[in-house]
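No value in this document is a laboratory result; all are computed from the given coordinates. What you see is a predicted model; the values in this text were computed from it and never measured. So basically every Cβ, Gly included, is an ideal-geometry build from the backbone, and we count neighbours across all protein chains shown.
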Amino acid sequence: MLLLIVGCEIAFWVLVVAGLLARYPLRAPRTGATLLAAVPLVDLLLLTATALHLRAGAEATPAHGLAAVYLGFTLAYGRRLVAWADVRFAHRFAGGPPPVRLHGRAHARRCWGDVLRTLLSSLLAAGLLVAGQHWVGDPTRTAALDRFLPLLGVVCAVELVWAISYTVWPKAAPEPALATAAGRRS
C-alpha cells in the first residue's frame, strides 16, 4: 500500500510536469491540458485501491491512513499546486511575468487562506477515514485509522499558529537592491 501511495505521488508530479512541458516548451496546449486534467485520476486510483484493499479483508495500517491524508491534501491543495507550477513554467518557458512574492498583509491573507485549505484537507481526510471504517464495518481491522484523527488536529493547529504569527509579525518586503547597494557605498 505504501508503494502505491509513493507511486501515486510520483504520478501526480509526472503528470503535472509533463502537462506543463507540453503546454509551454513543446507548445502543445491541448496535450498539456489533457495531461493536467488527468491528475485527479491518480487520486481516484489511490482511493479505489485503498478501499478495495480494506474491503477485501486487509487490516488497516498507517499506510491506509496516509492514503486518506494524501487524498485530502491533494483535493484541497492540488489546484493551487498546479497553479503555482504553471506560473513558474510560464515565466521560464513562455515569457510570462515572474511569480509574485507576497509580503505584509497580502502574505498574512494567504496564510489565512492556507488555514482554510488545511482545515478542508483535514476534514476530507477525516471523512475518508471514518467512511472507510464504516464501509469495512470491522472496527478491529480499522483501528489503526483512528490514530490519524488527532494528527489532523495538530496539523490544523500548527497552520493556525503560522497564520497568527504572520498576522502579528508580517513578512517584511525585501529592500530594493539599488537602495541596499547605495547604502553600502556611503
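Using the Karplus relation 6.51 cos²θ - 1.76 cosθ + 1.60 with θ = phi - 60°, the per-residue 3J(HN,Hα) values for the range 115-123 come to 4, 5, 5, 5, 4, 4, 4, 5, 5 Hz, with x marking Gly and Pro. Peptides 108-121, 22-35 ranked from most to least packed give 108-121, 22-35, packing being the mean of other C-beta atoms within 10 angstrom over each peptide's residues.
Compared with the alpha-carbon gap, the fully stretched path from residue 123 to residue 55 is longer by 22.2 nm at 0.36 nm per residue.
Does the range 93-140 come out rounded, prolate or oblate by the C-alpha gyration tensor, with a ≥ b ≥ c the root eigenvalues, rounded set by a/c under 1.5 and, if not, prolate when a/b is larger than b/c and oblate if not? It is oblate, given that a/c is not under 1.5 and a/b is not larger than b/c.
Amide H contacts under 5 Å for residue 142: 60, restricted to partners 5 or more places along the chain or on a different chain, H placed in the peptide plane at 1.01 Å from N. Across the chain, the convex hull enclosing all Cα atoms gives 142 Å³ per residue. Axis of helix 2-23 versus longest Cα principal axis of the chain: the two differ by about 40°, to the nearest ten degrees. Length available on full extension from residue 88 to residue 131: 0.36 nm per residue minus the Cα-Cα distance, which gives 11.7 nm. Based on Cα contacts under 8 Å between residues 6+ apart, the chain shows a relative contact order of 24 percent. Would any residue of the range 90-119 have its amide N under 19 Å from a label point 7 Å out along Cα→Cβ of residue 27? List them or say none. Taking a point 7 Å out along Cα→Cβ of residue 27, the residues of the range 90-119 whose backbone N falls under 19 Å are 90-97. The Cβ shell under 14 Å around residue 99 holds other residues with a net charge of +4, Lys and Arg each +1, Asp and Glu each -1. Cα convex hull, the range 51-136: 106 Å³ per residue, rounded to a whole number. For the pair residue 45 and residue 107, label points projected 7 Å from Cα toward Cβ lie 3.8 nm apart.
Sequentially through the range 57-62, phi angles give Karplus couplings (6.51, -1.76, 1.60; θ = phi - 60°) of x, 5, 7, 5, 10, x Hz, Gly and Pro residues having no value and appearing as x.
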